[in-house]
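Here the structure is laid out as structure tokens; the discussion comes afterwards.
Derivation of every value follows stated rules applied to the coordinates shown; laboratory data play no part. Bear in mind that the values here come from a model prediction, so they are computed numbers and not experimental data. Every residue, glycine as well, gets a Cβ built from its backbone with ideal geometry; the counts of neighbours run over all protein chains shown.
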Amino acid sequence: MVNKDQVKGAAKQATGAVKEAAGKATGSKKTEAKGAAEKTSGKVQKTVGDAKEKVKKAL
């Protein structure tokens, strides 16, 4: 079972990875940095969602 944080986190990771790659391809350090930040934010949100699921399963 998946929760909203897991789904949103995975989506942010994917979007961030695309932006990061686009920034690298175009030589835009700003876009690359924004993508990396969004990807990291997505990882954190997904981790929170994973933790919520573990707690839910433990109860």
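Suppose a student asked you for the relative contact order of region 4-58, using Cα pairs under 8 Å spaced at least 6 residues apart; what percent would you report? Could the numbers behind the result be given before it?
On the way: 76 pairs, mean separation 25.4, N = 55.
Contact order relative to length: 46 percent.
Give the calculated FRET efficiency between Thr26 and Thr47 to the nearest 0.05, with a Förster radius of 25 Å applied to their Cβ-Cβ distance.
Working: r = 30 Å, r/R0 = 1.20.
The formula returns an efficiency of 0.25 here.
How high is the FRET efficiency between Lys34 and Lys4 when r is their beta carbon distance and R₀ equals 25 Å, given to the nearest 0.05?
Working: r = 23 Å, r/R0 = 0.93.
It comes out at approximately 0.60.
When every alpha-carbon pair in the chain is counted, what percent end up more than 15 Å apart? Walk me through the numbers on the way to the answer.
On the way: 853 of 1711 pairs.
The answer is 50 percent, as a whole percent.
Compute, for the chain, the length of the dipole vector about the Cα centre, with Cβ point charges of +1 (Lys, Arg) and -1 (Asp, Glu) only. Units Debye, rounded to 20.
Details: 15 positive and 6 negative charges, 19 e Å.
With only Lys, Arg, Asp and Glu charged at Cβ, the dipole is about 80 debye.
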